[in-house]
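The values are calculated or read from the model by the stated rules, or taken from the named source; none is laboratory data. In this text the structure is predicted, and so the values were computed from the model without any measurement. So basically every Cβ, Gly included, is an ideal-geometry build from the backbone, and we count neighbours across all protein chains shown.
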Amino acid sequence: MNPSRASVGRCLALAWFGLAWPGSSLAALPSPDAVRAAAEQAVHARFDLPGSRVVVQAQPLAPRLRLAPCAAPLRAVLADAVRPAPRLSVPVHCPQGGGWTVRVQVQLQLFRPVLVTSRPLLRGDGLRPADVRAEERDVTRLGYGYLDNLDQVAGRTLARALPEGSVLTPAALGGRRMVRAGDRVQVVARLGDIVVRADGVALGSGDNGARLRVRNESSGKVVDAMVHAPGVVLALP
């Protein structure tokens, strides 16, 4: 067989099976799967942190997209400023001279343990460890934020009522309690220009302006009072 015809025949056979002649530029043609894999790997590298579970699915490339050969490994990096979202646009770059960049659309699910209410709670309720539990949720769907640490809710009250199973968000929390049930407080009673102070024990909890019951430590009498400051309540008539 003529050597040139043999070479042509081998090249055609290799091309038919998706292979490339050694040293030819066909070996460096990036496949759509390789581009998509580079995008998925970049998302994993950015968000796959301890305690997280990442599910990534790159979307197919445009059918008409034609990429030039790339001898260098594909590069895809997500900046630290990129926040988790259900859909991300990931740039994949051919880093050689005169290389190209294509953006790949990626679907992201980022599961992390977040705090949810373990029972129905009312506005003004204080939060105790028994009131919340950790559940794995896709945080890309939690547009209002979330809380994931009990220290974030210690001593806080609810700004609004929440049904059981609600994700706790920063906006759902009010201020910290100025007075807790069982605290020793100073009871201030005003009678005209006269101010009387006594030591008491709070029988309820609340923030500034909250009403609660207080027991006078000396007399044992229980009175209605209003929280005025941390550790201070005003006796109500």
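Observations, loosely collected:
- Selection of strands (runs of 3 or more DSSP E) fully inside segment 78-149 by the criterion of at least 1 residues being among the β-branched types (Val, Ile, Thr) and over 23 Å from residue 171 (Cα atoms) returns 87-93, 101-117.
- Members of segment 155-169 that are in contact with a helix residue (DSSP H, G or I) (Cβ under 9 Å, 6 or more places away or on another chain) and assigned to a loop (DSSP other than H, G, I, E, B): 159, 160, 166, 168
- Residue match in segment 118-133 (condition: of a type in the set (Lys, Arg), touching an Asp or Glu at 6+ places or on another chain (Cβ under 6 Å) and touching a residue at least 24 places away in the same chain (Cβ under 8 Å)): yes
- One residue from 115, 78, 121, 110 being over 29 Å from residue 158 (Cα atoms) and among the hydrophobic types (A, V, I, L, M, F, W, C): 78
- Residue 141, sole failed condition from (1) in contact (Cβ under 8 Å) with a residue 24 or more places away in the chain; (2) surrounded by fewer than 14 Cβ atoms within 10 Å (Cβ to Cβ); (3) within 21 Å of residue 205 (Cβ to Cβ): (3)
- Filter pass, residue 97 being of a type outside the set (A, V, I, L, M, F, W, C), outside the structural domain of residue 147 (by TED's automatic domain parsing) and out of contact with any Lys or Arg (no Cβ under 8 Å at 6 or more places or on another chain): yes
- Residue satisfying all of: in segment 208-237; part of a loop (DSSP other than H, G, I, E, B), small (Gly, Ala, Ser) and free of Cβ contacts under 8 Å to residues at least 60 places away in the same chain; nearest to residue 174 (Cα to Cα) among these: 209
To keep it simple, each residue is scored yes or no on (1) within 43 Å of the chain's Cα centre (by Cα); (2) not assigned by TED's automatic domain parsing to the domain that holds residue 143.
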position	(1), (2)
169	yes, no
172	yes, no
189	no, yes
198	no, yes
202	yes, yes
206	yes, yes
209	yes, yes
213	yes, yes
219	no, yes
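- Evaluating residue 182 against the criteria (1) modelled with pLDDT of 85 or more; (2) not in a loop (DSSP other than H, G, I, E, B) leaves one unmet condition, (2).
- When 60, 32, 95 are checked against the criterion of being over 26 Å from residue 142 (Cα atoms), exposed (fewer than 12 other Cβ atoms within 10 Å of the Cβ) and modelled with pLDDT of 90 or more, a single residue qualifies: 60.
- Checking residue 111 against (1) over 30 Å from residue 58 (Cα atoms); (2) surrounded by 15 or more Cβ atoms within 10 Å (Cβ to Cβ), the condition it does not meet: (1)
- Meets criteria (free of Cβ contacts under 8 Å to residues at least 24 places away in the same chain and within 16 Å of residue 33 (Cβ to Cβ)) for residue 91: no
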